[in-house]
Amino acid sequence: MAIFGNLETVKAQVDNTKFEKAFLYIQKLQDKNSFEYKSICNIGLDECNKIVLDENSFVLEQAYITKDKKDCLFESHKKYIDIQYMLEGDEIMEVENVNNLLIQTPYKEDLDYAKYAQSLNSSSLVIRKNELAIFYPNDAHMPCIKVNENKKIIKAVFKIAV
């Protein structure tokens, strides 16, 4: 079951020590004087920086332009739980149970993802600046969808080992 909201709301719903390092990193991203905030703000468009947090988690810092829904696909992961934190911008993230979707690219263990066709029955989340969403292995998710217009996003995607 996907969980979303601001950091305080999500932390109140998740009592799991495996998320602690990600939540601490998000707190640093919210501090405009921190190294982490300054670093992610300097990321170039279409870049992705990987930062290892520990043996069970890492973060992918990304910058990109949102897309039309027709250009996006659902994805899911088996090895990692996704925490997607929006530093700048807003986007729509759709979510659906993997069992309700048509597989388009079968699961690739080395890349830890499967891709799925779009669905008419998925739920839509609008994730805004300083909000996050947690997607578990059964939560196929389709991020990167524009809200009203295509715009630049700066996001941190945390990968937490299941």
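The values are calculated or read from the model by the stated rules, or taken from the named source; none is laboratory data. Just so you know, these numbers come straight off a predicted model, no measurement behind them. Neighbour counts run over all protein chains shown; Cβ positions are idealised from the backbone, glycine included. With ligands, DNA and RNA removed, areas are computed over all heavy atoms of the protein, side chains included. Shrake-Rupley method; radii C 1.70, N 1.55, O 1.52, S 1.80 Å.
The table for this structure:
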{"read-out": "Average accessible area per residue (Å²) across the chain - probe 1.4 Å, nucleic acids and ligands excluded", "value": "53"}
{"read-out": "Cα-Cα separations in segment 1-58 greater than 16 Å, expressed as whole percent", "value": "54"}
{"read-out": "Contour minus Cα-Cα distance for residue 35 and residue 117 (0.36 nm per residue)", "value": "25.6 nm"}
{"read-out": "For the chain, convex hull of alpha carbons as volume per residue, Å³", "value": "110"}
{"read-out": "Per-pair calculated FRET efficiency, R0 = 22 Å: residue 53 and residue 136 via Cβ, rounded to 0.05", "value": "0.75"}
{"read-out": "Protein accessible area in segment 71-155, 1.4 Å probe - carbon and sulfur %", "value": "44"}
{"read-out": "From the C-alpha gyration tensor of segment 58-136, square roots of 5λ in Å", "value": "21, 16, 12"}
{"read-out": "Projected area averaged over orientations for segment 33-95, convex hull of C-alpha atoms, nm²", "value": "5.4"}
{"read-out": "GluC sites (Glu not before Pro), loop per DSSP, at most 11 other Cβ atoms within 10 Å - longest free stretch of the chain", "value": "56-108"}
{"read-out": "Residue 152-residue 46 pseudo-label distance in nm [points 7 Å out on the Cα-to-Cβ vector]", "value": "1.5"}
